[in-house]
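Notes follow once the structure below has been shown.
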Amino acid sequence: MKVFFLIFLGTILLSTNNALQCINYDGILSISVKTLTLNEIKQTINKSVHVKNQDLCYVQIRYYEDLQGLILFFQSIDSFEQTTNVDIIVSTKLYLSTNKSSIENTIAFVCDKENECNGKFMFEYLQWLFNTNYKTLETTIRPLLFPQTNQTGQCYAEETNEIEECATDVCEMSYQNNQFERNCHGIETTNMSLMIAMKITMNFNLTESLHRYSYTCYGNLCNNQNQDQQIKQIINNHYDLSKLYELIQQNFYQEHSNAQRQKFSFADLVFISVGFFILIQNC
């Protein structure tokens, strides 16, 4: 009976340490997608990557729309803000000049429920990304970042909302963790920007929230509270991730929630094993 227990315990320990097979690339994988179809992009990625055993599978995808450049990371990048196996962070940066715009999209995804799950997500996401257009967001936000009145070079600064004369004539505002921060923008530039980051959490319910946002705008106390509310409303109206949520729900959420309900921690399994051992000792 004791021999049977040792075999049982060994099987449990091995099963808790099975590594995932993950799509991986040593370094940064950069691909120009100007003349490539989605299938050709997939083929290029598949020829470049390899499979590696890991505890978690990770992928971070950056797409520079104006350059049509795709950057892929398969190892955790702390500078982006490490996600967990239940969180996805989607970030979009919109850069505007007086006559053109550029967009950078970034997403980070961690999974641990099936082999090569980061590759599966990557290809599903790219299909969504290449069919997504932020033209309405750009058109609606532009008048707020480039006000048409004469420039005063004044901005609100710090939590006290004191008015400061800014040498660059550019103001900035950032929001994170329910806190607003206003300042003069320290770099002289003619390009204004809007950055949006959304967090998608996969627990027993799939939820999303505005994780953070920031913007720069051209003078005239443009980083005021009324501007914040207008920009937040524009984000709510025109930053549409509904198709991405649908993709996650159809392809990843159900699998994740089922696995969460069935999952035993290592400590749980040891507790069960000890209880089983005591039971057979008393038999």
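Derivation of every value follows stated rules applied to the coordinates shown; laboratory data play no part. All values derive from a computational prediction rather than experimental measurement. Cβ: placed from backbone, ideal geometry, glycine included. Neighbour counts: every protein chain shown.
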Q: Would you please give the FRET efficiency between Gln68 and Ile187, computed as 1/(1 + (r/R0)^6) with r the Cβ-Cβ distance and R0 = 25 Å, to the nearest 0.05?
A: 0.45
Q: Pop a pseudo-label 7 angstrom from the Cα along the beta-carbon direction at both Lys52 and Asn178 and give the gap in nm to one decimal.
A: 3.9 nm
Q: Determine Rg/Rh for region 93-156; Rg is computed over alpha-carbon atoms and Rh is the Kirkwood hydrodynamic estimate from the same atoms.
A: 1.20
Q) Gln229 to Phe146: extension gain in nm, 0.36 nm per residue of separation minus the Cα-Cα distance? A) 28.2 nm
Q: Run the quick spin-label model on Thr136 and Glu162: label points 7 Å from Cα toward the beta carbon, then report their separation in nm to one decimal.
A: 4.3 nm
Q. Taking the Cβ of Lys47 as the center, what net charge do the other residues with Cβ under 15 Å away carry, scoring Lys and Arg +1 and Asp and Glu -1?
A. -1
